[in-house]
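This report concerns only the one structure given below.
The values are calculated or read from the model by the stated rules, or taken from the named source; none is laboratory data. All of these numbers come straight from a predicted model, not from anything done at the bench. Quick reminder, even Gly has a Cβ in these numbers, built from the backbone with ideal geometry, and neighbours come from all protein chains shown.
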Amino acid sequence: MTTIVIGGGVVGLSLAYGLLKQGKDVIVLDGEDDDFRASRGNFGLIWIQGKGANAPHYAMWSRRSASVWEGFAKDLFAETGVDVAYQNAGGIDYFTDEDELETQVQSLTKLRGDLGGDYPFEILDHVGLKARVPEIGPKVIGGIYSLMDGHVNPLYLMRALSIAVRQAGGQVKTGARVVDVDAQDRDFTAILADGTKITGDALVLAAGLGATDLSKSLGFAAPIRPQQGQILITEKLPFFLKYPSGTLRQVNEGGVQIGASKAEVGFDDDEDIATSAILAQHAIDIFPHLENVKLVRSWAALRIMSPDGLPIYQRSPRALGASFVTCHSGITLAAAHACLMPDWLLERNNAPDVSAFSESRFHV
Ligand SMILES: Cc1cc2nc3c(=O)[nH]c(=O)nc-3n(C[C@H](O)[C@H](O)[C@H](O)COP(=O)(O)OP(=O)(O)OC[C@H]3O[C@@H](n4cnc5c(N)ncnc54)[C@H](O)[C@@H]3O)c2cc1C
């Protein structure tokens, strides 16, 4: 029988890919072109430093995903010929404010203690940082380097996953908006907008912001909200930026990506000039030579945020065989979703313990 995955973003496709590798039949139902699609508008980081500052289990889960990312990228390349431009030279966060640097150092130091000491990062002053990244400007007072961080081209990742899923025998149905689900134990019928019915014995709700509409019939609370992020990209430049940061990275094609802002503006994915100006100024403060380059594109996309910013992995309390998966770091966690989560979806004994990410944490 078939597992129905609702949502063909990076979360749904990563899970579908992993399930296919476990020998399951999978059909991915993906909505319309005008849906909100974080997977096509994100920053492309596999970012670990600072993540889970007050939630060590999330820090560990993110790091576990990062640790299997290289093998995941290699498998995708071997199976599809698509190089997702995975880079793991580490990342550097740049600081222009002493207090902000100090606060972040304290936060990372606490997290390192919470994790028993295994949390590598290095504090660099201006001179140390300039030795590593000569292009930094005088306003940069220092930075934090961590070898745990990396980045990919998220659009190549989407291409690789959608080829890999089809090649492994999965179906990906596009323009397939699910409007309702009839859910019984291990017996699911997804009803599409055109009336088509798709049946399966398991179901994964991975529809990003579209999950809210379907969550009730499956017994999920799905307490998610949109959070807007805006991103700028420059013309292609000679390569100078080996290390991505949380706000700046040079993509494999040469453009420098700048972002991403954070704004609570509901379901609004229009970019605005004021935010673009702040992002551009930040980039120039770090790398003054960017003042003279052209911006070629900007966009806004919506993150899928839970109340505490952590992923939600929840089995349906109403129908055996249904699960809900969502997160706001779907690129970082793509490798965990493809390589580790299928065991959880298949309810195996060796599944990762993700119980701390269930919805029950929101009812305390
Ligand atoms: C500005 C920005 C920067 C980000 N930067 C990073 C980063 O650097 N690193 C990182 O790890 N993460 C980052 N993220 C987060 C990451 O992009 C998301 O976690 C990830 O894309 C979520 O994927 P998803 O598949 O859950 O959702 P989406 O990509 O939104 O996909 C949901 C899919 O579900 C489909 N759908 C919705 N409703 C239905 C329905 N009823 N029936 C059928 N299909 C449906 C939609 O068509 C869509 O294709 C960023 C996000 C943003 C917005």
Give me the residue from the range 154-186 that is of a type in the set (D, E, K, R), without any contact (Cβ under 8 Å) to a residue 40 or more places away in the chain and assigned to a strand (DSSP E or B) and, out of that set, nearest to Phe36 (Cα to Cα). Asp180
Check the range 43-56 and report whether any residue there is over 17 Å from Ala160 (Cα atoms), part of a helix (DSSP H, G or I) and either without any contact (Cβ under 8 Å) to a residue 12 or more places away in the chain or in contact with a helix residue (DSSP H, G or I) (Cβ under 6 Å, 6 or more places away or on another chain) (or both). yes
Does Val82 fit the bill of being aliphatic (A, V, I, L, M), over 22 Å from Tyr145 (Cα atoms) and assigned to a loop (DSSP other than H, G, I, E, B)? yes
Does Gly175 satisfy being buried (at least 22 other Cβ atoms within 10 Å of the Cβ), under 28 Å from the mean Cα position of the chain (by Cα) and within 15 Å of the ligand (Cβ to nearest atom)? no
Is it the case that Asp99 is among the charged types (D, E, K, R), more than 19 Å from the chain's Cα centre (by Cα) and part of a loop (DSSP other than H, G, I, E, B)? no
Are any residues in the range 311-344 within 12 Å of the ligand (Cβ to nearest atom), outside any strand (DSSP E or B) and among the aliphatic types (A, V, I, L, M), and if so, which ones? Ile331, Leu333, Ala334, Ala335, Ala336
Determine which member of the set Ala211, Ala183, Ala260 is modelled with pLDDT under 95 and either within 14 Å of the ligand (Cβ to nearest atom) or under 26 Å from Ile6 (Cα atoms) (or both). Ala260
